[in-house]
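Working notes, beginning with the structure itself.
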Amino acid sequence: MTNSLQYPSYFDCVADILGHSSAPLSVDVLVEEVKSQRPTGKGVRSAVYQALGKLYQAVPVAPGTFGWLSSLLKGQTFRHPLNNFEVQRGNLLMDELEHAIFFPAFFQDHQPDERIVHLHLMGGPTIEVHAAVDQETWALRLGKEFIAWVDEAGGSAHDDLLIHVLDAVSAEYSMRLQPREGRQEGEIQERSLFLARSAEAIVAGDRKSRSAMPVWELAAALIGRGVYADPTPPDDMHFVLHEQSSLRLQDDVGYSPASRDLLRRERRDRQSGRARSGGEQPPRQAAEESGWTGGFLGQERSGSFVGGRADDPGFWDAVEDNVADFSDMETEQCEGYQAYLAEFELMMPEEDPLSHMDYHLLEAELETLVGLEQEFGYLMPEQEERKQALAARLYINPDIFYGGDWDESDYDQPDYDGPPFWDN
């Protein structure tokens, strides 16, 4: 029997292939590349999906296509609203999105590393910085050179920092200041709405069994969708999601769709606040009164709101219309169900499709059967028949459910050719 310990694990193969690719790759290409690096069996495709599910930097950019976060970041631009604390101390507090920008590998195991970030301050020096903990929050320690640069440029709290990724692989970034009065409100509002709609679609399409999608995973998915590819970036991610989406932060960890009652209550509170103040409230005040807590790695970043942030009355008119039937809005935003409807209309135009809830009920049954197949290595004939029948009825490739929560050691089994089997 060949000693396959000499071969890399599937996990290592996929990480190496994607990590060295400057462009996203399809699963088919990944499978062929893996075959060139180690012996494989009939379970190679499911093993690749398992590896993708365990790799934080493996980001879906299209159905069946994945990019590497460090490569996807190149050329994208992000907005960071400065506050007094940051201007005075020279420490840039990072939320989950910014942590992923500067330290793409961090959320693989949530362990700090020794990565040095090179920041090119426009019109100023290039500084080398690292991550540090400040006020129980991860921060970039920029120091006196950054403080002097902001002061010389006439910057202050409530101005914006525009962070441009030159090359995340080599840790090269640039920064420039944008004064509050220089904000292109119309363009920023447009990009913010795109961020909100993209986030809703990503969370609605999340197929993992959990109460909320972790913020760091949502941040990576937004980067993968090119939300920040425009030279004019949207407003602060947490601010936008609370103010312009139907998502809400759960326990400072992840986002999930808000209930219809919560959205109604927030809107009533916002309207009463406007009535008490005699008109429109500044966005920061409106957000704070509606219960926004910052969503900032468990901490509130004071000063994150800037006067004149996107507070379009037309948006809340749209929310009023939609919130009257939140289930309809949720259905329209569910990419999985919309894909099913499109296929059903094409294949069976004379029949009635499944309802949104019935679709997800059967989808959950299919996912359970796939999970059992992963755990035990096979299904009984009637279970396999049921799995195939559900897949055909829902127009779902069961391969999409591969990507569970195995330990990395599962990939290190030398003779692994398919889903693992535990002798129960």
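Answer yes or no: is there a residue in the range 23-38 that is of a type in the set (S, T, N, Q) and touching a Pro at 6+ places or on another chain (Cβ under 9 Å). Within the range 23-38 (the criterion being of a type in the set (S, T, N, Q) and touching a Pro at 6+ places or on another chain (Cβ under 9 Å)), the answer is yes, since at least one residue qualifies. Looking at Leu361, Leu379, Leu372, Leu354, just one residue is surrounded by 17 or more Cβ atoms within 10 Å (Cβ to Cβ), aliphatic (A, V, I, L, M), more than 23 Å from Gly64 (Cβ to Cβ) and at pLDDT 75 or above, and that residue is Leu354. In the range 130-139 there is no residue that is of a type in the set (Phe, Trp, Tyr), buried (at least 20 other Cβ atoms within 10 Å of the Cβ) and at pLDDT 95 or above. Set side by side, the residues Gly53, Gly43 differ, and just one is surrounded by 15 or more Cβ atoms within 10 Å (Cβ to Cβ), closer than 19 Å to Ile223 by Cβ and modelled with pLDDT under 95, which is Gly53.
Which members of the range 228-247 meet the condition of being within 14 Å of Leu97 (Cα to Cα) and in contact with a Pro (Cβ under 7 Å, 6 or more places away or on another chain)?
The answer is Asp236, Val240.
In the condition set (1) at pLDDT 95 or above; (2) surrounded by fewer than 16 Cβ atoms within 10 Å (Cβ to Cβ), Val215 is compliant with all but (2). For the residues Glu86, Glu152, the requirement of being crowded, with 17+ Cβ neighbours inside 10 Å and either of a type outside the set (Val, Ile, Thr) or under 20 Å from His238 (Cβ atoms) (or both) singles out Glu86. Within the range 127-144, residues that are on the phi > 0 side of the Ramachandran plot reach partners that are in a loop (DSSP other than H, G, I, E, B) and buried (at least 17 other Cβ atoms within 10 Å of the Cβ) with beta carbons closer than 9 Å, at six or more positions or on different chains, in the pairs Glu136/Leu297; Gly143/Gly90. Of all residues in the range 382-401, those satisfying the criterion of being at pLDDT below 85 and either acidic (Asp, Glu) or not in a helix (DSSP H, G or I) (or both) are Asn397, Asp399.
Filter the range 255-280 down to residues that are small (Gly, Ala, Ser) and exposed (fewer than 13 other Cβ atoms within 10 Å of the Cβ) and give me whichever is modelled with the highest pLDDT. Checked the range 255-280; the qualifying residue modelled with the highest pLDDT is Ser259.
One residue alone among Ala220, Ala229 is surrounded by 22 or more Cβ atoms within 10 Å (Cβ to Cβ), closer than 23 Å to Ser71 by Cα and not polar (S, T, N, Q), and that residue is Ala220. Within the option set Gln57, Gln37, Gln50, Gln76, being in contact with a Cys (Cβ under 7 Å, 6 or more places away or on another chain) and either polar (S, T, N, Q) or in the same structural domain as Asp16 (by TED's automatic domain parsing) (or both) holds for one residue only, Gln37. Filtered by the rule that a residue be out of contact with any strand residue (DSSP E or B) (no Cβ under 6 Å at 6 or more places or on another chain) and among the acidic types (Asp, Glu), the range 94-108 gives Glu96, Glu98.
Checking each residue in the range 6-40 for being modelled with pLDDT under 90 and out of contact with any helix residue (DSSP H, G or I) (no Cβ under 9 Å at 6 or more places or on another chain) picks out only Gln6.
Let's see how each residue does on (1) closer than 30 Å to Leu142 by Cβ; (2) free of Cβ contacts under 8 Å to residues at least 12 places away in the same chain; (3) in the same structural domain as Ile101 (by TED's automatic domain parsing); (4) touching a helix residue (DSSP H, G or I) at 6+ places or on another chain (Cβ under 6 Å):
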{"residue": "Tyr173", "(1), (2), (3), (4)": "yes, no, yes, no"}
{"residue": "Gln189", "(1), (2), (3), (4)": "yes, no, no, no"}
{"residue": "Ile202", "(1), (2), (3), (4)": "no, no, no, yes"}
{"residue": "Met213", "(1), (2), (3), (4)": "no, no, no, yes"}
{"residue": "Val227", "(1), (2), (3), (4)": "yes, no, no, yes"}
{"residue": "Pro231", "(1), (2), (3), (4)": "yes, no, no, no"}
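Close Cβ contacts (under 9 Å, 6 or more residues apart or on different chains) running from residues in the range 90-111 that are under 23 Å from Phe11 (Cβ atoms) and in the same structural domain as Met237 (by TED's automatic domain parsing) to residues that are part of a strand (DSSP E or B) and at pLDDT below 95 are absent.
Confirm whether Phe11 is closer than 21 Å to Leu218 by Cα, among the hydrophobic types (A, V, I, L, M, F, W, C) and assigned to a helix (DSSP H, G or I).
Working: closer than 21 Å to Leu218 by Cα: no; among the hydrophobic types (A, V, I, L, M, F, W, C): yes; assigned to a helix (DSSP H, G or I): yes.
Taking the combined requirement at face value, the residue does not satisfy it.
Sub-6 Å Cβ pairs linking a first residue in the range 329-352 that is charged (D, E, K, R) to a second residue that is modelled with pLDDT of 75 or more and not in a helix (DSSP H, G or I), at least 6 apart or interchain, are Glu335/Gly205; Glu343/Tyr395, ordered by first then second residue. In the range 72-93 there is no residue that is in contact with a strand residue (DSSP E or B) (Cβ under 7 Å, 6 or more places away or on another chain) and at pLDDT below 90.
The values are calculated or read from the model by the stated rules, or taken from the named source; none is laboratory data. The model shown is predicted, which means the values in this text are computed figures rather than measured ones. Every residue, glycine as well, gets a Cβ built from its backbone with ideal geometry; the counts of neighbours run over all protein chains shown.
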